[in-house]
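Each remark here refers to the structure printed beneath this line.
What follows draws every value from the coordinates through simple rules; no lab data is involved. Computed from a predicted structure; not experimentally measured. With ideal geometry, Cβ positions are generated from the backbone for all residues, glycine too; neighbour counts draw on all protein chains shown.
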Amino acid sequence: MPRSDFTRPSPVWFFREYEPVGVDLGSPAAVAAYDRNQGTDPYADDALLDRLGVGEGTRLVDLACGTGSLVVQAARRGAEAHGVDVSEEMLAFAQARAERAGASAHWHQAGFLDYVHHAEPADVVTTKSALHQLPDFWKQHSLLNAAGMLRPGGTFYLWDVMFSFPPGDAAEHLQRWIDTAGRPEGRGFTRSDFEAHVREEFSTYDWILEGMLERAGFEIVSRAFHSSTHGEFRCRRR
Ligand SMILES: C[S@@+](CC[C@H](N)C(=O)[O-])C[C@H]1O[C@@H](n2cnc3c(N)ncnc32)[C@H](O)[C@@H]1O
């Protein structure tokens, strides 16, 4: 089982994962607007948890949990649910959501790269709409970290902006995404948010992610591309 060999404390050249990349999601206003902009939907989270077989006693870690909807829905069904995020604001919002729901979850201010899972190995590790915050080199190391916190046979689920179009057609596909996804200010993420995503964040090709997942010690169980700019991988830790 390959593992990341970074030592802690991290060397000075370690990626600064607590510094914002691209669209600012960490300000109080951005956190308050996040669920509306993202279309956070507890029913969709429940459907995903059903697909991943998360129930009573499942140990789940959600990396870059944001406002915590998936973690809270997992905790509500009796899972031992851990939410990990670099943003204090996001975690405060997530904790308040858990309290309102009467759900008990574990919250960790930590990153993809520096989170150390001190509990028993997880059954399921998820990450949605966030791995693109890391450049590819660091994505590989976050995937090694995720594999290291899972039990053998455990499930890793990745959903993100990822590109399955032919590289030669990138401009056409990216422009179509930006043209159709952007919403008026106050009604969702705007065209300029999506433009900044492409320009400043680190979304990559599906085939690059596939290679990284395999090198991190995962077997890819299924993949689905909901559009040429979004997709998911469901994996099993070898
Ligand atoms: C677009 S939100 C996704 C939130 C949530 N997973 C969802 O599906 O709605 C991206 C989240 O990643 C967090 N984040 C950014 N870089 C991170 C890192 N290196 N490690 C952990 N979380 C990170 C941000 O604070 C933010 O909450």
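Between 164, 208, 177, the Cα set farthest toward the positive side of the dipole of segment 158-220 (charges on each charged residue's Cβ, about the Cα centre) is that of 177.
For the chain, the percent of C-alpha pairs falling in each 10 Å distance bin, counted from 0 to the bin holding the largest distance, reads 8, 33, 38, 20, 2, 0. Extension gain for residue 38 to residue 195 (0.36 nm times residue separation, less C-alpha to C-alpha distance): 54.9 nm. Over segment 158-220, the ratio between the Cα radius of gyration and 2.2 N^0.38 Å evaluates to 1.32.
Place a point 7 Å from the Cα of residue 24 along the Cα-to-Cβ direction; which residues of segment 54-97 have their backbone N under 16 Å from it? Answer for segment 54-97: 87-90. Basic side chains Lys and Arg get +1 at the Cβ, acidic Asp and Glu get -1 at the Cβ, and with that the dipole of the chain about its Cα centre reaches some 500 debye.
How many angstrom separate the Cα center of segment 78-142 from the Cα center of segment 169-228? For segment 78-142 versus segment 169-228, the Cα centre distance is 21 Å.
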